[in-house]
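K.L.:
My questions all concern the structure below.
The values are calculated or read from the model by the stated rules, or taken from the named source; none is laboratory data. All values derive from a computational prediction rather than experimental measurement. Here the Cβ positions follow ideal geometry from the backbone for every residue, glycine too, while neighbour counts run over all protein chains shown. SASA here: full protein model, heavy atoms, side chains in, ligands and nucleic acids out. Shrake-Rupley method; radii C 1.70, N 1.55, O 1.52, S 1.80 Å.
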Amino acid sequence: MYEAIVSLFFKSIDLLYKWISENFIAHVLTFSKEFGAVVVFISAVIFLLITIYFVLKQAKRLPKRYFLETFDQNGIRTVIPELRVTFATYQAAASYAEFYTKLYKEKYKFKLLGLKENFSTLRRLH
């Protein structure tokens, strides 16, 4: 008699377990997987926004113009009228500095300066 009661009890628990498993646990597990994916996606978006913020902040700190100073063999600042000395980008200024260094070899040396203010080159030279 006890065996019949125990087996009936286990069958009822088995039915209850299957019902809970199919209707509750499966949905909770699916929700947790999707929630994890959403958390990863939101984290990636936040990381991207923070990265963009720091890149833009660094870009604002860059100089507005670049200037090539010319020095002769004795280290005295000189002006060569036919040379271009102000540039908007670092790459252009560095390229011209390298070109002028090869062109004038031992006669002149060139120093690249970044200027944050936006003022006249002539005022800077005098």
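K.L.:
Just for helices (runs of 4 or more DSSP H) wholly inside the range 22-126: which have at least 3 residues that are touching a strand residue (DSSP E or B) at 6+ places or on another chain (Cβ under 9 Å)? Reasoning before the result, please.
P.N.:
Details: elements: 26-61, 90-104, 121-125.
The helices (runs of 4 or more DSSP H) meeting that bar are 90-104, 121-125.
K.L.:
Can you work out which of the residues in the range 43-89 that are of a type in the set (Ser, Thr, Tyr) and open to solvent by 60 Å² or more (accessible area, probe 1.4 Å) is farthest from residue 109 (Cα to Cα)? Quick ask: steps written out before the conclusion?
P.N.:
Looking only at the range 43-89, we keep the residues that are of a type in the set (Ser, Thr, Tyr), and these are 43, 51, 53, 66, 70, 78, 86, 89.
Filter once more, keeping what is open to solvent by 60 Å² or more (accessible area, probe 1.4 Å): 43, 53, 89.
Details: 43: 50, 53: 38, 89: 20 Å.
Ranking the candidates gives 43 first.
K.L.:
Let me ask something else. Kindly list the number of the only condition in (1) at pLDDT 90 or above; (2) over 30 Å from residue 114 (Cβ atoms) that fails for residue 51.
P.N.:
Among (1) at pLDDT 90 or above; (2) over 30 Å from residue 114 (Cβ atoms), the lone unmet condition for residue 51 is (2).
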